[in-house]
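Working notes for the structure below.
Where a number appears in this text, it was derived from the coordinates with a stated rule and is not lab data. What you see is a predicted model; the values in this text were computed from it and never measured. Here the Cβ is made from the backbone with ideal geometry for all residues, glycine too, and neighbour counts use every protein chain on show.
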Amino acid sequence: MPSILDLNRDDPFSPSPGELARLLAGEGPDDRLFAVARDTLLSTVGDGIYLRGLVETSNKCRKNCLYCGLRRDNSNVFRYDMSADEILAAMETGYASGLRSFLLQSGELPDRRHLDLVEEVLLRTAGSMPGTRMVLSMGELPEETLARLRTAGAHRYLLRIESSSSDLYSRFHPGDMLHNYAARVAVLRNLRSSGWQTGTGVLIGLPGQTRDHLAADLMFMKDLDIDMCGMGPYLPHGDTPMMDVPGDMPSPGERVLLTLRMIALARILMPTINIAATTALQTLDLRGLEMGLNAGANVVMPNLTPAGYRSEYNLYQGKVQVDDGLEEMLGTLRARCSTLDRKVMTGNAGDPVHYSLRCGGGVSR
Ligand code: SAH
Ligand code: SF4
């Protein structure tokens with residue numbers, strides 16, 4: 001059977017998990033894996049890099065994921081909520097610089113007050129920032145709530161499965177109903193079947209995670225037929241119980257390489273989706289941005305959260321861009337992308353080509 005690196009894109013192929021695991025071990029070899037991913041990118045979604053202005057709207061969370069610095073039981077966090085006016089002001093700075101898509105991210109807060117706030121922001125955005133695509137990443141929300149937020153103007157939802165192995169998932173989450181693998185998968189499936197542009201992703205380099213787990217993660221994402229993917233290396237946070245979980249964790253360099261191989265394989269397996277070069281990847285390696293884009297990513301998320309809040313939104317330690325202003329970030333981004341022969345797209349919401357294709361060529365609302 002030919003390797004997926006030897007096939008034409010038009011050939012039907014179903015890579016075996018074993019082959020994916022070998023490529024994740026670097027047997028591509030990597031140069032060739034990244035070159036095929038880049039060719040795939042250029043011939044399907046093109047050389048554009050699309051921007052999502054990230055606003056971290058609240059660091060309060062009802063959950064207790066063992067790896068996350070924002071977990072409910074971490075009392076060393078100054079908890080905040082941004083107001084609707086603050087969120088819109090942050091987005092307007094981005095809009096003035098040409099950003100046409102914004103990601104509102106927070107801990108999981110399914111209470112009425114939070115949902116009313118998000119709804120207000122969505123409705124006001126539709127009026128004041130035309131042509132904007134809103135992305136939400138706020139954990140597992142009930143079906144009716146998701147429907148309400150979509151009606152208010154949200155288009156995209158990101159919900160990482162974190163790990164597609166229910167066994168690994170349960171190792172890194174408390175064993176109660178709030179942290180239930182099957183429930184998370186059900187929310188993802190509901191998003192995918194109810195018209196949302198749907199994104200998911202996984203943590204890479206968790207203690208005890210094998211290449212077979214990661215290969216299965218890629219197959220999970222392909223089977224779900226997602227539109228967007230955001231994957232990043234696991235970065236330990238000192239105030240979490242994960243610091244004490246036994247199991248070998250790959251070195252930082254290995255986690256970077258594994259993330260790049262995952263991005264490249266996601267691009268080859270799902271050519272027309274949007275893939276982010278995540279902040280976690282940039283945090284682990286100074287050249288993470290360039291390397292992620294070169295491996296097949298086409299989305300970058302400049303952080304628009306006001307500095308005072310941004311420094312309190314610590315999923316992990318050492319987050320980059322904590323002090324940078326938007327113009328400074330965009331200037332740096334343009335300079336870095338021009339060395340890669342890629343174009344930073346402003347004035348463009350950057351819908352995933354995959355979504356447009358599955359909706360019959362256009363973008364449905
Ligand atoms: N609360 C929402 C969205 C915010 S958290 C949710 O959990 O879906 C966004 C992502 O941060 C999570 O999906 C997780 O993959 C990532 N994250 C949390 N802790 C992390 C860590 N220690 N290292 C790397 N990524 C982490
Ligand atoms: Fe909360 Fe998301 Fe962190 Fe889990 S990963 S504790 S849901 S913010």
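Within 10 Å, count the other beta carbons around each residue, average over each peptide in 61-69, 352-360, and list them highest first. Mind showing how you got there, number by number?
On the way: 61-69: 19.9, 352-360: 17.0.
Output ranking for 61-69, 352-360: 61-69, 352-360.
Separation of segment 91-143 and segment 220-277, taken as the distance between their Cα centroids, equals 25 angstrom. Qualifying trypsin sites (Lys or Arg not before Pro) in segment 248-325, where qualification requires a DSSP coil assignment and no more than 13 other C-beta atoms within 10 Å, comprise R287.
Taking the Cα centre as origin and putting +1 on Lys and Arg beta-carbons and -1 on Asp and Glu beta-carbons, what dipole magnitude results for segment 14-358, to the nearest 20 debye? Don't jump to the answer; show the numbers that get you there.
Values: 36 positive and 41 negative charges, 101 e Å.
With only Lys, Arg, Asp and Glu charged at Cβ, the dipole is about 480 debye.
Straight-line cross-link reach from K343 at under 19 Å between alpha-carbon atoms covers these aspartates and glutamates, not counting any fewer than eight positions away in the same chain: D39, D47, E290, E327, E328, D351.
DSSP loop GluC sites (Glu not before Pro) in segment 9-113 with at most 16 other Cβ atoms within 10 Å of their Cβ, which ones? Don't skip to the answer; put the middle values down first.
Details: sites: E19, E27, E56, E86, E92, E108; in loops: E27, E108.
The qualifying sites are E27.
Taking amide H positions as modeled 1.01 Å from N, with prolines and chain starts lacking one, the residues under 5 Å from G232 and 5 or more places away or on another chain are V202, I204. Near V344, the amide H atoms lying under 5 Å from its own belong to I49; only residues 5 or more places off or on other chains count, and H is placed 1.01 Å from N. Note that segment 291-308 has calculated 3J(HN,Hα) couplings of 5, x, 5, 5, 7, x, 6, 9, 9, 10, 10, x, 8, 9, 4, x, 3, x Hz, one per residue in order, obtained from phi through the Karplus relation 6.51 cos²θ - 1.76 cosθ + 1.60 (θ = phi - 60°); glycine and proline are x.
Computed per residue of the chain from DSSP H runs no shorter than four, each worth -39500 (n - 2.57), the mean residue ellipticity at 222 nm is -12000 deg cm²/dmol.
Pull out the extension gain between R287 and S193, defined as 0.36 nm times the separation in residues minus the alpha carbon to alpha carbon distance; nm, one decimal.
On the way: separation 94, 0.36 × 94 = 33.84 nm, distance 3.68 nm.
Result: 30.2 nm gained on full extension.
Annotation: cysteines of the chain without a disulfide-compatible partner (Cβ-Cβ under 4.7 angstrom) are C61, C229, C337, C359.
Using 1/(1 + (r/R0)^6) with R0 = 30 angstrom and r between the beta carbons of R112 and S170, what's the FRET efficiency to the nearest 0.05? Can you show the working numbers first?
On the way: r = 30 Å, r/R0 = 1.01.
Efficiency, rounded to the nearest 0.05: 0.50.
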